[in-house]
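Colleague: Once you've had a glance at the structure underneath, I'll fire off some questions.
Rule-based calculations on the coordinates, nothing more; no lab input. Nothing here was measured: the structure is a model prediction, and the numbers come from that model. Cβ placement follows ideal geometry from the backbone for every residue including glycine, while neighbour counts extend to all protein chains displayed.
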Amino acid sequence: MDTLSKNGGEPNLFVSERDEVFLSWVEYLNDTTDALVYSKLEGEQWSDTVEIARGSNWFVNWADFPSLVGYKDGGLRFAAHYLQKSAEGTYDYDIHVIQSQDQGMIFSKPFILHRDSIAAEHGFVTLLPIANDRIFATWLDGRNTKVSESAKEENKHGHGSGGAMTLRGAEFDIGGHYFEEAELDNRICDCCQTDAALTSDGVIVVYRDRSEHEIRDISIVRRVNKEWTKPHTVHADNWEISGCPVNGPSVDAIDSTVAVVWYTAANGKPTIKISFSEDSGATFNSPIKVDNGNPLGRVDVVLISKEKAVITWVENTESMAEIRAVEVQINGTMGEDYLLTETSPARNSGFPKLKKTDTNLYLAWTEVDSVLTRVKTLKWGF
């Protein structure tokens, strides 16, 4: 299905409580100005685009991209986020949240999601509708990575540095009021995407962790009885890597059933794995390998029932790359994987995004040619 993207990328998908599909992306208006826009699927066609916001000082990045979600009120109110530069540093940017109370036609003045007022990296956001009047947000927060002026003076000979990247979470409402802010993990990987899902026991967040010995496996935190659990590893791959792989996990949940999919290259072997939980993420089954032997990563997952998940990922080929999909059952049975579309392995091809309605699956990705990038979509049944 063609979209109205002329020169854009960084797509995201959202499905409302009424099973309506919304596609958001960044349109590159010119060399200095970008716009966050969205379109609604009407039958088999995408509607005319609606502009959410635009700016000439945005942080636009292939891996850290905006999103649009609706409150759990059937699509009457929406929240979106984008990233805007806050200082001169390359990764000094803030998370701006902008909302609409009239079914996404007019968006109000934005507010900054985090409350630290420090010029540092804030991004890799997941927005998760959790109630008619609340959105949960989780993000990577670099407030502790910046060395204070006093610390710089104490360490003028170059010893010591800022602290680690942290994972934070909070809730907000349509008025921009803030609730339940918390630090969820005090040391995580610096630039891998987060993801979150709502289980019958509460919100869960998955992300790439980072130990003091540079083990960067996937961890989960859960909010149970209004309290956040301590982080625990989904599976101990023991991937030791000194830099961030820019390859976050994905999660979906139906009641107490949870599926987490992720990329790892432990022991020098790139692999895509999925693991299921039947107790809202408290414990996980042994992981199942799903790739074809040379994955690039960039994963996504949806549960189409409590027994079956669909996974998408990017697989390297001799000349290009492919976006592939496979169905995996909770008992470990795996179907034949299938090709969805060819793609570029380059960074500007971004991260394909997968969502489902009651009867169909939808994929959004960035098509790359020698001149431009454009957002494309694909639909298939299950």
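Colleague: In which sequence would 271, 283 go, from the one with the fewest C-beta neighbours within 10 Å to the one with the most? Present the calculation step by step, with values, prior to reporting the outcome.
Modeller: On the way: 271 19, 283 11.
Ranking 271, 283 by Cβ neighbours within 10 Å, fewest first, gives 283, 271.
Colleague: 5 Å is the cut-off here: which amide hydrogens, built 1.01 Å from N in the peptide plane, fall below it relative to residue 185, excluding neighbours closer than 5 in sequence?
Modeller: 167
Colleague: Figure the gain on full extension for residue 183 and residue 358 (residue separation times 0.36 nm, minus the Cα-Cα span) and round it to one decimal in nm.
Modeller: On the way: separation 175, 0.36 × 175 = 63.00 nm, distance 3.50 nm.
59.5 nm is the gain from fully extending residue 183 to residue 358.
Colleague: How big is the charge dipole of the stretch 8-381 about its Cα centre, in debye rounded to the nearest 20, if each Lys and Arg gets +1 on its Cβ and each Asp and Glu gets -1 on its Cβ?
Modeller: On the way: 36 positive and 57 negative charges, 49 e Å.
That gives a dipole near 240 debye.
Colleague: What are the radius of gyration and Dmax of the stretch 232-302, computed over its Cα atoms and given in Å?
Modeller: Radius of gyration, then largest Cα-Cα span, for the stretch 232-302: 12.2, 37 Å.
Colleague: Rounded to the nearest whole Å³, what is the per residue volume of the convex hull around the Cα atoms of the stretch 8-381?
Modeller: 147 Å³
Colleague: Quick one: order 40, 289 by neighbouring beta-carbon count within 10 Å, fewest to most.
Modeller: Ascending number of Cβ neighbours within 10 Å: 289, 40.
Colleague: Something else now. Mind checking which lysines have their Cα closer than 26 Å to the Cα of residue 226? Skip sequence neighbours fewer than 8 apart in that chain.
Modeller: Correct list for residue 226: 72, 306.
Colleague: Can you return the lysines within cross-link range of residue 146? Criterion is Cα-Cα under 18 Å, with same-chain partners fewer than 8 residues away left out.
Modeller: 85, 156
Colleague: Let me ask something additional. Using the alpha-carbon centroid of each, what span in Å lies between the stretch 247-307 and the stretch 24-41?
Modeller: The distance from the Cα centre of the stretch 247-307 to that of the stretch 24-41 comes to 31 Å.
Colleague: Need the full-extension length gain, residue 20 to residue 372, defined as separation in residues times 0.36 nm minus the C-alpha distance. One decimal, nm.
Modeller: Length difference between fully extended and current span is 123.8 nm.
Colleague: Between residue 235 and residue 30, with labels modelled 7 Å along Cα→Cβ, what's the label distance in nm to one decimal, could you check?
Modeller: Using points 7 Å along Cα→Cβ, the separation is 5.0 nm.
Colleague: Full extension from residue 54 to residue 338: what is 0.36 nm times the residue separation minus their Cα-Cα distance, to one decimal in nm?
Modeller: So the chain would gain 98.5 nm between residue 54 and residue 338.
Colleague: A further question follows. Spelling out what I want: for every residue of the stretch 180-193, take phi, set θ = phi - 60°, compute 6.51 cos²θ - 1.76 cosθ + 1.60 (Karplus), and round to whole Hz; glycine and proline get x.
Modeller: Computed from phi, the couplings for the stretch 180-193 are 6, 5, 7, 8, 8, 7, 8, 7, 9, 5, 7, 8, 10, 5 Hz.
Colleague: Looking only at GluC sites (Glu not before Pro) in DSSP loops with at most 11 other Cβ atoms within 10 Å, what is the longest site-free stretch of the chain?
Modeller: The answer is 89-211.
Colleague: Test of understanding: ordering 60, 37 by Cβ neighbours within 10 Å, fewest first, what list do you get? Provide the component values of the computation, followed by the final result.
Modeller: Numbers: 60 18, 37 25.
Fewest-to-most ranking of 60, 37: 60, 37.
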